[in-house]
Amino acid sequence: MAEFTSHAPGIFSWPELATTDQQAAVAFYRGLFGWDVNEQPIGPTEVYSMFQMRGKPVAAAATQQAPERQMGVPPHWNAYVTVASVEESATKAESLGGTVLMPPLDVMDAGRMAVVQDPTGAVFQLWQANRSIGAEILNEPGALCWTELNTRDTKKAEAFYTGLFGWGVKHAAPSSAMEYTEFSVDGQPAIGMIPMNEHMPAGVPSYWMPYFQVANTDASAEKIAELGGSIMVPAQDIPGTGRFAIGRDPQGAMFAVFQYTEKS
């Protein structure tokens, strides 16, 4: 079990689905991960679907905001990063070349947030906890275990995020078949970065994607398809680390499932 009562600044602490069909999406992810759900009213007609394990929040789903849909933004997972001060982090993000898309605001008594776009186009959220720390379970089957940036400019992105959050950096060896960067918080790897390949349509901006830990990647990939989703990257090994697959839910949001290699 990996339960938390607080998160260190710089940790991705809350995955939040923005979707066009909240009811169907909730059913999909509950079927895939076995999550419970706690529906929280957030307006006259809307609810915030809090996914839970053992009665503790692990993720959420909400209906995508109309302005996003009108701009053609597809359903996606939002990625919240814990910070000590939303105001200070938002100001620093701008000084490093980022853009504050939504200035700091209170989310009732849960915490304080802002929405930022990095210099390569990827959007993420800043989160200053009050009543809610975000996910109270991480790094076990059914919970967030990794968050990965797909970007068109890895050098610019690395400079921005290390400057903003102070992440440690580990690059793949020059002999590696694929360029990959690991970022760590307090010495613990928790974040990855990969360059977007030439097959990605030019109109797709850089983006963050969550990895959810599973007990069996192949079985989870089959389940994604059974539940109406699709597989974008079939199950494959990361030598010495684990096995992953990248899927898309029925509404189009991308995510990955990951199974750690058992240590002998």
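Couple of notes before you dig in:
- Selection of strands (runs of 3 or more DSSP E) fully inside the range 62-136 by the criterion of at least 3 residues being out of contact with any Leu (no Cβ under 9 Å at 6 or more places or on another chain) and of a type outside the set (Ser, Thr, Tyr) returns 99-107, 123-129.
- When residues in the range 1-59 are screened for being farther than 30 Å from Ala93 by Cα, in contact (Cβ under 8 Å) with a residue 24 or more places away in the chain and in a loop (DSSP other than H, G, I, E, B), 6 of them pass.
- Selection within the range 196-210 - surrounded by 22 or more Cβ atoms within 10 Å (Cβ to Cβ) and of a type in the set (Ser, Thr, Tyr): Ser206
Here, each number is a calculation from the coordinates, and none is a lab measurement. Owing to the predicted nature of the structure, the values given are computational and were not obtained by experimental measurement. Note that we place each Cβ from the backbone using ideal geometry, even for glycine, and neighbour counts take in every protein chain shown.
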